[in-house]
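Some notes on the structure that comes next.
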Amino acid sequence: MAGPSPDNRRETSDYWPLADLRLTLDDLTLRPSSEADLRAIAEALPDDVELNPAATWYDIDARVWRGTVIHQDYWRAMGTWTPDAWRLNFVVRQGDTLLGAQELEGNDFLTLRTVDTASFLVPQARGLGIGKRMRRAVLALAFGPLQAQYAITSAWPDNSASLGVSRSLGYADNGRQRIRRGEDAADDLVCLRLTRESWAASGLGDGVRIENIEACLPFFGL
């Protein structure tokens, strides 16, 4: 049987409007990652980025395993998305150059109105203020159209770059959490929190352009 004609073919974004969401700040563009991006993200992932500690281990090459985790985490996030529990991962580009990824996550979101963030940058993009701008973009989305009240994040004590970005954006220390680190070690994860009031007072959302958000709001329960 012949497929639909080009004139009648519908794009994925007709059913998943998040595909059209765009965040821009200066020369950075953040676009929700797609399945077509997974190989590039996996290949760009630096070896020093810690992955999901609950990821399944396979008896394969370590580098291939890390790429496998990227794929499975994407499929899991898309396949289990609900308005109350979601993970939205953006690819970050400067022109055509892939710089990294920035995640925004909400769990029990409609009750807690709290988002969490995680990110990575390729080594050559570090130390240039890009990580801060990436975070500013997703926080503008969270505290703007998504109506979040809090943003949380966490990092190991030796991750000074991540902690520095968070504190420069107004996050305040919010305790420590003792968890497993690696196969047989433990460490204290530094937890931080940013309030809606602090974000609004900072003015750091100014300059962030958010496009095509209206059709996405029902997917966040809004």
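The values are calculated or read from the model by the stated rules, or taken from the named source; none is laboratory data. This structure is a prediction, so every number in the text was calculated from the model and none was measured. So basically every Cβ, Gly included, is an ideal-geometry build from the backbone, and we count neighbours across all protein chains shown.
Hey, can you tell me all the residues within the stretch 83-118 that are free of Cβ contacts under 8 Å to residues at least 24 places away in the same chain and either over 9 Å from the mean Cα position of the chain (by Cα) or crowded, with 22+ Cβ neighbours inside 10 Å (or both)? Answer for the stretch 83-118, where residues must be free of Cβ contacts under 8 Å to residues at least 24 places away in the same chain and either over 9 Å from the mean Cα position of the chain (by Cα) or crowded, with 22+ Cβ neighbours inside 10 Å (or both): Asp96, Thr97, Asn107.
Working only within the stretch 135-185, note down all residues that are touching a strand residue (DSSP E or B) at 6+ places or on another chain (Cβ under 7 Å), farther than 25 Å from Gly207 by Cβ and surrounded by fewer than 17 Cβ atoms within 10 Å (Cβ to Cβ). Of everything in the stretch 135-185, those that are touching a strand residue (DSSP E or B) at 6+ places or on another chain (Cβ under 7 Å), farther than 25 Å from Gly207 by Cβ and surrounded by fewer than 17 Cβ atoms within 10 Å (Cβ to Cβ) turn out to be Trp156, Pro157, Asp173, Asn174, Gly175, Arg176, Gln177, Arg178, Ile179, Arg180, Arg181. Tallying residues that are in contact with a Ser or Thr (Cβ under 7 Å, 6 or more places away or on another chain), of a type in the set (A, V, I, L, M, F, W, C), touching a residue at least 40 places away in the same chain (Cβ under 8 Å) and not in a helix (DSSP H, G or I) within the stretch 119-169 yields 3. For Leu222, are the conditions met, namely being under 25 Å from Val91 (Cβ atoms) and surrounded by 13 or more Cβ atoms within 10 Å (Cβ to Cβ)? Against the criterion (under 25 Å from Val91 (Cβ atoms) and surrounded by 13 or more Cβ atoms within 10 Å (Cβ to Cβ)), Leu222 qualifies. Within the stretch 6-21, at least one residue is among the hydroxyl-bearing types (Ser, Thr, Tyr), at pLDDT below 90, surrounded by 12 or more Cβ atoms within 10 Å (Cβ to Cβ) and on the phi < 0 side of the Ramachandran plot.
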